[in-house]
Amino acid sequence: MGRIKKVLFVVNPISGAIEKTDLIEQVRNHLKKIEASLFIYLTTGNDDCASIEKRIKELKPCRILVAGGDGTIKMVTEALKGEEIPLGIIPAGSANGLAINLNLPANVNEQLDIAFGDSFRKMDIINIDGELCLHMSDFGLNAELIKKYENSNMRGKLGYLLQSIPTLVQSDYPFEFKIETNKTTYNTEGILLAIANAKSYGTGATVNPQGKIDDGLFEILIFKNFDFIEILKTLRNEVVLDPDFVEIISTQKATISCSSPVAFQIDGEYMGEKNKIEVSFSPHILLLAAPAPVK
């Protein structure tokens, strides 16, 4: 890629628990070593995507660095409009699912070495009714949990866990789904239907063991029932799940319908109740500065 001369650093100042002032100084010091110019954009929540797109066109940066969660990364991806500018990530949100799927280290200095290094991956992107999905969306119980979690005062994994108890009791599962792909039509039911471009949720639970962000396919996973042994397997990152617990469909396009509206989320953001979505696919659209995949 050659020498890095200009870096656009997009920072979400209110995401996660990382102090952004110290982080900005750390990035500034890192870039002094490679003699690169730093341009900082702090998100405001007001028309950020258009503002970032304008900054990209004006600056023509060699690299973009994002400090935030999956929502901030998604917004920068939308602003890139398919331009092949490498994107580096400092996971600094409440949901860092993409960083987990990329196996990014926890240490910020190591994250910066990767973000400004020469190891890249071209990532597939899912499009759901005009919304980008980087790694995981779903109908059903998890989306209901996210809704309750967003409306509660509790934060962190403990808050998520405590919200799960009333959700499991009150939810009207199983849900009925119709899945139409370019090959066939499936009628099925389950407690959760996931659309996955990667292996794991931001919590670390591996629900799509064979998932890859750059294999030219996404998976639709139908979790049929509560099987606590199989759920524990996802938390232990085991790669073989019982087909009686989860059914997996690999495709590049799908229409998914529900018999009645069901809670839906994309990359940890609750999107309301949906009874039909159109899912399409763009292979190798996002260039990421990331470690080589673990084989």
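Every read-out reported here was derived from the displayed coordinates using simple, explicitly stated rules and does not represent laboratory data. Note that the structure is predicted; figures quoted are calculated from it, not measured. Reconstructed Cβ throughout: ideal geometry from the backbone, glycine too, with neighbour counts over all protein chains shown.
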**Message:** Given a Förster distance of 35 Å, report the FRET efficiency between Lys57 and Thr21 from their Cβ-Cβ distance, rounded to the nearest 0.05.
**Reply:** 0.80
**Request:** Just grab the label-to-label distance for Lys122 and Glu84, each label 7 Å out from Cα along the Cβ direction, in nm (one decimal).
**Result:** 0.6
**Around Phe281: net Lys/Arg minus Asp/Glu count, Cβ-Cβ under 15 Å** = -4
**Prompt:** When we measure straight from the Cα of Lys6, which aspartates and glutamates land under 18 angstrom away, once same-chain ones fewer than 8 places off are left out?
**Reply:** Glu25, Glu35, Glu53, Glu58, Glu83, Glu84, Asp113, Asp118
**Asked** Pairs Lys74/Lys224; Lys57/Lys212; Lys54/Lys81; Lys74/Lys199; Lys32/Lys57: which exceed 21 Å Cα-Cα?
**Response** Lys74/Lys224; Lys57/Lys212; Lys32/Lys57
**Message:** With the cut-off at 1.5 for a/c, could you classify region 173-224 from its C-alpha gyration tensor as rounded, prolate or oblate?
**Reply:** oblate
**Asked** Using a basic spin-label model with each label point 7 Å from the Cα along Cα→Cβ, how many nm lie between Lys178 and Ser280?
**Response** 2.2
**Prompt:** Packing-wise, with mean Cβ within 10 Å as the measure, how do 68-76, 215-223 rank, highest first?
**Reply:** 68-76, 215-223
**Item:** Alpha carbon Rg of region 95-151, scaled by the compact-globule rule 2.2 N^0.38 Å
**Value:** 1.47
**Prompt:** How many nm separate the modelled label positions at Gln252 and Ala50, each set 7 Å beyond the Cα in the direction of the Cβ?
**Reply:** 3.4
**Complete:** Any residue on another chain or 5+ positions along whose placed amide H is under 5 Å from the amide H of Phe175 is listed here as Gly190, Ile191
**Item:** Cα gyration tensor, region 6-118 - rounded (a/c under 1.5), prolate or oblate
**Value:** rounded
